Structure formats: C-alpha cells, structure tokens
Amino acid sequence: MSAIYPVILCGGSGTRLWPASRPDRPKQFLKLLGPHSSFQETLLRVRDLSEGREVVIVTGAAMADFVRRQAAEIETPVAVLIEPEARDSAPAVAAAAAYVEARDPEGVVLMLAADHHVGEPEVFRDAARLACKAASEGLIVTFGVRPTGPATGFGYIRPGAPAGEGVFTVAAFVEKPDLATAERYVADGYLWNSGNFAFRASVLLGELERFEPTIAEGARAALASAVSDGDVLRLDPEGFGRAKKISLDYAVMERTDKAAVAPAAFSWSDLGAWDAIWGASPQDGFGNAAHGDVTLVETRGVLARSTGPFVGVIGVADLMIVAEPDAVLVCRRDDAQSVKLLVDGLKAKGRDLAHRHPVTVNGGVERQPVAQTGQAGVEIWRLEPGATAALPIASIQVLSGALLGDGRAWAAGDHLALDAQTAVTASTSATLLVTTWR
C-alpha cells in the first residue's frame with residue numbers, strides 16, 4: 001500500500017459554540033471534552049499512521065500560532081500550509097494534495113477535519129487503513145458514519161455495490177433532510193457524511209483538472225511560489241486566488257465516478273453545537289454534564305460550563321448554560337442550532353464579543369483586561385518562559401517571575417514607568433500588571 005500522509009484542515013470559527021468559540025480562538029483549539037483540544041485529538045489519532053512523517057496542517061495565518069503550540073504540547077511534528085484567504089474546502093484540499101504529490105507521487109492523503117470527535121481511536125485507525133488501501137488503488141473514499149438516530153444536521157450517503165475490502169461505491173450523496181426524510185434514510189441504511197476523505201494525491205488533482213481546472217492549477221501555482229518559514233509554508237496569494245471558491249463535495253465528490261464510502265463503526269460527532277458537546281461529555285446519573293465552577297441541584301439533562309463566574313443551577317431540565325468571563329449563554333438543548341442567530345444579531349449590532357475573547361493569547365503571551373476608566377486601562381499580562389512581548393507606554397508592576405528588558409533584568413516587585421514601547425523576554429513564567437494612561 002502507498003504511504004499515508006495525514007492532512008488536517010484547520011479552519012472555521014465554530015459560531016454555534018459561542019461564547020466559548022469565537023473567530024480569535026475557534027472550537028478546534030478549545031479543550032471542551034478533556035485535556036486535549038479536538039485539533040490535538042485529531043493529531044493523536046493519525047500520528048501513528050504517518051510513520052514518523054510530519055502531519056500536514058492547512059490553516060489561516062491567524063491560527064498558525066495555535067497550530068504550532070498545540071502540536072508541540074503533544075510532541076507531534078507538523079508542516080503548516082498557510083492559506084492566504086478562505087476559499088472553501090476544495091482549494092485547501094488541492095493545495096495539500098499538491099504538497100503531498102510533490103513529495104511522493106504515489107502518496108495517499110488522509111484528509112480530516114480538525115474539529116471532529118471520535119470515540120474509539122483504534123477503530124478509527126483500522127477504518128482509515130482500509131480506506132487508504134482502497135485509495136491507493138485509485139478510489140476517492142469518504143468515511144460514512146452509521147447513524148445513531150435521524151439527525152437533520154448532516155448530509156447522508158447511500159452506499160452502493162461493494163468496491164473492495166470494506167468500501168462501497170457511492171450510489172448518491174443527499175443534502176441535510178427534514179426529520180421524516182432522515183428517519184427514512186436511517187431505515188434504508190444511509191450513512192452520515194462525515195466530510196473526511198482518503199485519496200491518492202495525484203488522483204484527486206486529476207479529477208480537479210477534469211471538473212474544476214482553476215483549482216488544480218491555482219493550488220500548484222500557490223505551492224510553487226510559496227514562501228517557506230521553518231515548518232510554515234505560506235501559499236502564494238496570486239496563485240491561490242485563481243482557484244474557484246467551492247467545497248470538495250461540489251467540486252469533485254458529487255461528480256466523480258471514483259467516489260467510494262467506507263462505513264465507519266466508530267462513534268463520531270462534528271461537535272457542531274452545544275447539544276453535541278453535551279452528548280459527547282461524561283454525564284452523571286441524571287444526564288447532566290458539568291465543567292468548571294458549577295453546582296447542580298435537582299437538575300436533569302443540563303450542560304453547565306464556566307470558565308469565569310460560579311454557576312449555580314437549581315430545579316431545571318434540558319438546558320445549556322455556558323459562562324465565559326464576558327458573556328453567558330442560556331438556552332434549551334433543542335435550540336442549540338439557534339445560537340448562530342444570536343451571534344449574527346451581535347455582529348449586526350457591532351458587538352466585539354461576537355468576534356473575540358476578552359483574554360487574548362498570542363505567541364505565549366496572554367492579556368486579560370481588569371479595569372477600564374476614562375483615564376486608564378489595566379491589564380494582567382502572563383508570559384510563558386521564552387515568550388517575547390512589546391510593552392506599551394505604561395506603568396508596569398512585575399507580580400511574579402523574571403524578565404529581560406531595556407538592557408536589564410526585571411524581577412517580582414519591580415515597578416517601572418515606560419516612556420517608550422519596550423521589548424521584553426520572559427526568563428521564567430512571568431505575570432505583569434500593565435496600566436496605560438490616556
């Protein structure tokens with residue numbers, strides 16, 4: 001069998017998981033179900049399949065730091081392809097395929113989303129090996145998940161005749177159904193379309209040349225003129241911009257005669273909304289899932305999470321309660337999909353909390369607002385060892401740790417009045433109180 005090259009698509013903003021997920025820190029990097037983010041869980045599932053090769057990540061420039069840092073946390077080598085702009089999944093997949101083809105003309109790409117949850121990693125790896133074996137023989141294989149119920153939030157696949165060990169031809173792709181249609185699909189043996197794929201890089205590019213030639217040409221051009229920066233490769237904007245903006249399903253999967261489906265026995269969720277987080281979370285005997293500083297009294301079927309204030313819940317059922325330092329969401333579990341409407345309304349009003357968290361994290365520097373008045377703004381800055389930061393004109397108090405800045409060492413207890421922007425580097429973990437004056 002051809003060598004397997006795992007590729008992870010790491011885009012999207014996870015709007016339905018607001019207020020925890022926002023564009024500046026989307027759901028794939030949040031640790032919603034345990035000690036690892038869904039991005040890290042995906043890396044852990046595939047790194048054995050890569051047999052020591054770097055896992056290829058396709059993401060935007062704003063997410064590159066999260067990708068590199070979270071990969072380093074679990075000691076997994078990655079190669080990062082930076083999209084100049086979001087152009088849907090087909091151009092992103094094509095760029096990764098061109099990258100793999102340039103290294104191994106027979107290489108098989110295992111293309112996965114960064115924000116999905118799989119309950120049984122070893123069962124997933126067995127299914128992935130079967131799918132990649134079929135892909136090495138020229139098929140473009142998608143993973144079809146056996147439904148646990150008549151879900152209306154997923155597309156479905158109708159399997160056809162056997163097409164090799166463990167895979168079947170695709171008789172039809174169908175769009176998200178209404179409830180009655182979903183019930184019929186489940187009864188007739190349809191599968192959920194997981195949006196994960198296995199294909200030989202050269203085969204996929206060949207089908208793109210056949211159906212959407214601008215995507216194949218644009219991806220190869222973007223790769224040929226890419227700028228390398230260590231383990232990061234910045235795709236050329238001009239070449240990438242020539243690729244048509246379209247999903248892989250529409251560009252290839254619904255048109256090719258090479259489509260196949262591998263029915264998957266592992267439990268799967270796209271973690272698309274808070275009800276999915278509730279379903280994938282450990283629950284008590286009353287169906288409650290709690291995280292953070294939360295106390296539940298006489299409640300049933302409740303998801304309660306807090307990364308900010310204490311949350312006390314008494315005598316309710318089937319609710320989702322999500323508290324962040326600057327926002328609280330409360331809704332019925334069956335209204336999970338409506339969170340997007342709430343966020344759209346916040347965006348229309350120009351509310352900043354629709355887009356970003358109050359605590360920003362970048363390059364090992366965390367900034368948390370504490371107070372704001374007409375004359376001053378106060379923030380706590382936390383620096384990881386080795387992190388560098390540009391401090392503004394401000395009053396600085398070193399609360400803990402040690403830093404180097406302005407040609408000298410700073411230590412806990414130091415007070416400084418900066419009259420110019422000053423670069424500092426943390427010798428150890430350090431915490432600063434930064435007061436800017438207007």
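The values are calculated or read from the model by the stated rules, or taken from the named source; none is laboratory data. Keep in mind that what you see is a predicted model, and the values were worked out from it rather than measured. Virtual Cβ from ideal backbone geometry, glycine too; neighbours counted across all protein chains shown.
General remarks:
- Single residue of the stretch 220-247 satisfying the filter (more than 17 Å from residue 100 (Cα to Cα) and among the aliphatic types (A, V, I, L, M)) that is surrounded by the most Cβ atoms within 10 Å (Cβ to Cβ): 243
- Which listed residue is touching a residue at least 12 places away in the same chain (Cβ under 8 Å) and in contact with a Phe, Trp or Tyr (Cβ under 7 Å, 6 or more places away or on another chain), from 249, 236: 249
- Flag for residue 399 being over 30 Å from residue 27 (Cβ atoms) and either free of Cβ contacts under 8 Å to residues at least 24 places away in the same chain or surrounded by 14 or more Cβ atoms within 10 Å (Cβ to Cβ) (or both): yes
- Selection from the stretch 40-57 of residues that are polar (S, T, N, Q), assigned to a helix (DSSP H, G or I) and either under 13 Å from residue 75 (Cα atoms) or at pLDDT below 95 (or both): 40
- Residue list for the stretch 304-314, filter: touching a strand residue (DSSP E or B) at 6+ places or on another chain (Cβ under 7 Å) and free of Cβ contacts under 8 Å to residues at least 24 places away in the same chain: 304, 306, 308, 309, 311, 312, 313, 314
- Where strands (runs of 3 or more DSSP E) fall entirely within the stretch 176-240, those with at least 3 residues that are in the same structural domain as residue 62 (by TED's automatic domain parsing) and closer than 18 Å to residue 5 by Cβ are at 191-200.
- Candidates 58, 108, 67, 100 - the one that is closer than 22 Å to residue 167 by Cα and buried (at least 18 other Cβ atoms within 10 Å of the Cβ): 108
- If you go through the stretch 364-384 and pick out every residue that is in a loop (DSSP other than H, G, I, E, B), surrounded by fewer than 13 Cβ atoms within 10 Å (Cβ to Cβ) and of a type outside the set (S, T, N, Q), you end up with 1.
- Remark: pairs (first residue in the stretch 43-54, within 14 Å of residue 107 (Cβ to Cβ); second residue at pLDDT 90 or above and in a loop (DSSP other than H, G, I, E, B); Cβ separation under 8 Å; 6+ apart in sequence or on different chains) = 51/3; 53/3; 54/77.
- Residues that are touching a residue at least 12 places away in the same chain (Cβ under 8 Å) and either within 19 Å of the chain's Cα centre (by Cα) or surrounded by fewer than 13 Cβ atoms within 10 Å (Cβ to Cβ) (or both), drawn from the stretch 345-358: 354, 355, 356, 357
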